[in-house]
Amino acid sequence: MFGRVLVANRGEIAQRVIRTCREMGIETVAVYSEADADALYLRQADETICIGPAPSSKSYLNIPAIISAAEVADVDAIHPGYGFLSENEHFAEVCNSCNITFIGPDPESIAAVGNKSRARQMAIEADVPVVPGSDGPVEDEKVALEVAQRLGYPVMIKAASGGGGRGMRIARNDPSLVSGFHAARAEAEAAFGDGTVYLEKFVENPRHIEIQLLGDQHGNVIHLFERDCSIQRRHQKLIEESPSPLLTPALRKKMGEAAVRLARHAKYHNAGTCEFLLDRKGNFYFIEVNARIQVEHTVTEMVTGVDLIREQILVAAGEPLSYRQEDIELRGHAIECRINAEDPERDFQPSPGTISMYVPPGGPGIRMDSHAYSGYRIPPNYDSMIGKLLAHRSTRDAAIRSMLRALDEFVIQGPKTTIPLLKKVLDHSDFRSSQHDTGFVERYLNAHPPAAHERRAP
Ligand code: MV4
């Protein structure tokens, strides 16, 4: 087992990884940018190393600085957390060539699933249902028009190197397909240096369901059931829950088995997630694989009791998974709310600055993963998530009630937060009855624009 692990991340996930390392008797090395010198996770690590100035490109994305820190601190492994370098195949490769274990999948797996068109191809090979679409990349507008003709409108143009909604266009007719094709290509080329696009039939108002996977280096792959992440805004998840209120036990089994087939076929190991769209009729379609631990992994931890970070570390060290599929059970219902320092009244613009008072909620079934504290100054350089609040109860209704109670208790003075919006969603009859879909938040916000008296002067 590893003696020392470097955590190449910041904020709540750095703290999360450090906590499990401590419980496993593994020493931790935290790295930080100049903007994070007063961060909480630095006090919980055994050693800290500054890796550069505030901009991520100069610190948390700075591969030479992170590798140098790892060499100086003499670590055995690096945990990349989520975001930053977590799905960077080049970084995983550099780690391996420096004899530092990258706690994640192989660089080859990261590359394979990072190309959404290739991942789609692998899903087809593994007999996992995909959205009807093009047979691989689409090279020119003539072929795009032919594929769209075959699929029928609406269709979606997607960047092979995209993800999280970037380089994506919906087309509802020939002219918008042609313009969308060129726009998506240009956007993808500029954003990812790869203008490859492919086509899929557009699934209207789906639910977003993802299956948590764990694989070890001995060929064992298990799933840890689903998360329903349909409450999002502009591809940023706001609320996640498990189990999905929409899945029957039979559908849950089918989706779990499909995700496992794909991971086995891809010889995938470590933690990963298989993302699916679920339509109104109960059809599910693979869309992409996330080759990292995700923000919302905590929801799965609560309903299964599995420490996913611990399993990541074990399998990276070559150990077998601690669980067989039949050991994994769903217990009760968990909901997560992302607490972001953003102003919902001002189009969710980031609201950094000092938190003058911070009193997190507690009580039965509540888990709060956050790096915030009274007096903490949120730097403006990174994403605005300041914590994740989870409620775990025996039923969905009880979890929602617990969550609302916890959100009421929560005191965060200083920055504006997403808490008022989260309460409105949790209180909404469409969410309560699980009638919502991935378009719910945007439709809700359009129907309930901030009232003039609520809006502060610009
Ligand atoms: C889709 C889709 C409908 N049809 N693909 C958005 C991000 C990326 N992960 C895939 N996405 C979508 N792909 C087809 N063929 C709708 C979305 C989508 C979406 C998916 C999940 C959660 C929220 C979403 C919001 C808008 C669009």
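Please say if the chain is rounded, prolate or oblate, where rounded means a/c under 1.5 for a ≥ b ≥ c the square roots of the C-alpha gyration tensor eigenvalues, and otherwise the choice is prolate for a/b larger than b/c and oblate otherwise?
Working: a/c = 1.34, a/b = 1.12, b/c = 1.19.
Rounded shape, in that the Cα axes give a/c under 1.5.
With every protein chain present, what is the per residue accessible area of region 4-103 (1.4 Å probe, Å²)?
Per residue, region 4-103 has an accessible area of 38 Å².
Counting only helical runs of four or more DSSP H residues, what would the 222 nm mean residue ellipticity of the chain come to if each run contributes -39,500 (n - 2.57) and the total is spread over all its residues?
It comes out at -10000 deg cm²/dmol, rounded to the nearest 500.
Less than 28 Å apart at the alpha-carbon level, and either on another chain or at least 8 residues along: which lysines does that give for Lys142?
Hits, sequence-local ones excluded: Lys116, Lys158, Lys201.
At a Cα cut-off below 24 Å, give the lysines reachable from Lys423, other chains included and same-chain residues fewer than 8 away excluded.
Within the straight-line limit of under 24 Å, Lys423 reaches these lysines: Lys237, Lys388.
Quick check: net charge around Ser322, other residues with Cβ under 10 Å of its Cβ, Lys/Arg +1 and Asp/Glu -1?
Neighbour charge sum, excluding Ser322 itself: -3.
Over region 48-115, calculate the relative contact order: mean separation of alpha carbon pairs under 8 Å at least 6 apart, over the residue count, as a percent.
Relative CO of region 48-115 lands at 26 percent.
Order Asp106, Asp347, Asp216, most accessible first, counting only protein heavy atoms with a 1.4 angstrom probe. Walk me through the numbers on the way to the answer.
Numbers: Asp106 50, Asp347 95, Asp216 5 Å².
The ordering from most to least exposed comes out as Asp347, Asp106, Asp216.
Going through region 304-370, which GluC sites (Glu not before Pro) have at most 13 other Cβ atoms within 10 Å and a DSSP loop state?
Taking region 304-370 and a limit of 13 other Cβ atoms within 10 Å, the loop GluC sites (Glu not before Pro) found are Glu329.
Run the numbers on region 56-192 and let me know its relative contact order in percent, using alpha-carbon pairs under 8 Å that are six or more apart.
Taking the mean separation of contacting Cα pairs over the length of region 56-192, I get 15 percent.
Ignoring ligands and nucleic acids, what accessible area does Ser179 show with a 1.4 Å probe (Å², nearest 10)?
70
Whole number in Å², please: accessible area per residue of region 377-417, 1.4 Å probe, ligands, DNA and RNA not counted.
With the other protein chains kept in place, region 377-417 gives 41 Å² per residue.
Give, in nm to one decimal, the length gained when the segment between Ser322 and Asp46 is fully stretched (0.36 nm per residue of separation minus the Cα-Cα distance).
On the way: separation 276, 0.36 × 276 = 99.36 nm, distance 2.65 nm.
Length gained, Ser322 through Asp46: 96.7 nm.
Hey, any idea what % of the chain's accessible area is carbon plus sulfur with a 1.4 Å probe?
49
Setting aside same-chain residues fewer than 8 positions from Lys58, which aspartates and glutamates have a Cα under 14 Å from its Cα?
Glu34, Asp36
Below 8 Å between Cα atoms, with a sequence gap of 6+, how large is the relative contact order for the chain in percent?
14
Rounded to the nearest whole Å², what accessible area per residue is found for region 294-367 with the 1.4 Å probe?
38
The values are calculated or read from the model by the stated rules, or taken from the named source; none is laboratory data. Bear in mind that the values here come from a model prediction, so they are computed numbers and not experimental data. No Cβ is skipped: glycine too gets one built from the backbone with ideal geometry, and neighbour counts run over all protein chains shown. Surface accessibility is based on the protein's heavy atoms, side chains included, excluding ligands, DNA and RNA. Shrake-Rupley method; radii C 1.70, N 1.55, O 1.52, S 1.80 Å.
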